[in-house]
Amino acid sequence: MPAASSASAAASACAAPVTRRRSLLLGGGALGAVALLSGCSDDSESKRETDGGADVALLRARGARDSTALLARYDATVDAHPALAKRLAPLREETARHVAVFTSEGRSPSPSATVSRSPSAGGRRVPTVPEGERQALSALAQVERRTADTRTAALATAPPELARLLASVAACGAAHVYLLTQRDTDS
């Protein structure tokens, strides 16, 4: 019987990281849903949205700039470490959609919207990527975390509709951080 119980314990230990990942992703989805539901406006929020047109434009421009810089970081990381291309592709695609959403100016971008790779990135400097793959993933996770934190801080001044977008994109960034920092052992 001890052998059976140790096999059962080993099986449940192997399932634990998957359960934690699901819990985190479900929690992130729940956070996004709460952000969407809490964005309902009252009169003061409606007034802030109409009075703060310049603020909305500034926040959207900052969101587009941050997402574009993050996209350049993904591209530079893949260029430096081609073996990471498959792992980073879904995260890069989501980041490209964020650029499209922030630059859409009131019209809904296509769900399959992507931003093509550009070697010059509009004349911007190409980000420096650490030599080791682990260090490169860690550096990418740090940039994702800072970007998500910046977006979360911007929620305090954003009008409801933009606040929902910022909360959703920040939650997505937090999920990216989690996925970037996971070891390959549980994939």
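The values are calculated or read from the model by the stated rules, or taken from the named source; none is laboratory data. Values in this document were obtained by computation on a predicted structure and should not be read as measured data. Counting neighbours? That spans all protein chains shown, and the Cβs are built from the backbone with ideal geometry, glycine included.
Within the stretch 144-161, the set of residues being crowded, with 21+ Cβ neighbours inside 10 Å and either under 18 Å from ALA96 (Cα atoms) or of a type in the set (D, E, K, R) (or both) comprises GLU144, THR147, ALA148, ARG151.
Out of everything in the stretch 166-187 that is farther than 24 Å from ASP75 by Cα and not β-branched (Val, Ile, Thr), what residue ends up being surrounded by the fewest Cβ atoms within 10 Å (Cβ to Cβ)? For the stretch 166-187, the residue satisfying everything is ASP186.
Filter the helices (runs of 4 or more DSSP H) completely within the stretch 42-126 down to those with at least 1 residues that are within 21 Å of ALA167 (Cα to Cα), modelled with pLDDT of 95 or more and of a type in the set (Lys, Arg). It would help to see each step written out before you state the result.
Values: elements: 43-51, 53-80, 85-102.
The helices (runs of 4 or more DSSP H) meeting that bar are 53-80, 85-102.
Residues being of a type in the set (Gly, Ala, Ser) and over 30 Å from ALA83 (Cβ atoms) are entirely absent from the stretch 172-187. Within the stretch 151-187, being at pLDDT 95 or above and among the β-branched types (Val, Ile, Thr) holds for THR152, VAL169, VAL177.
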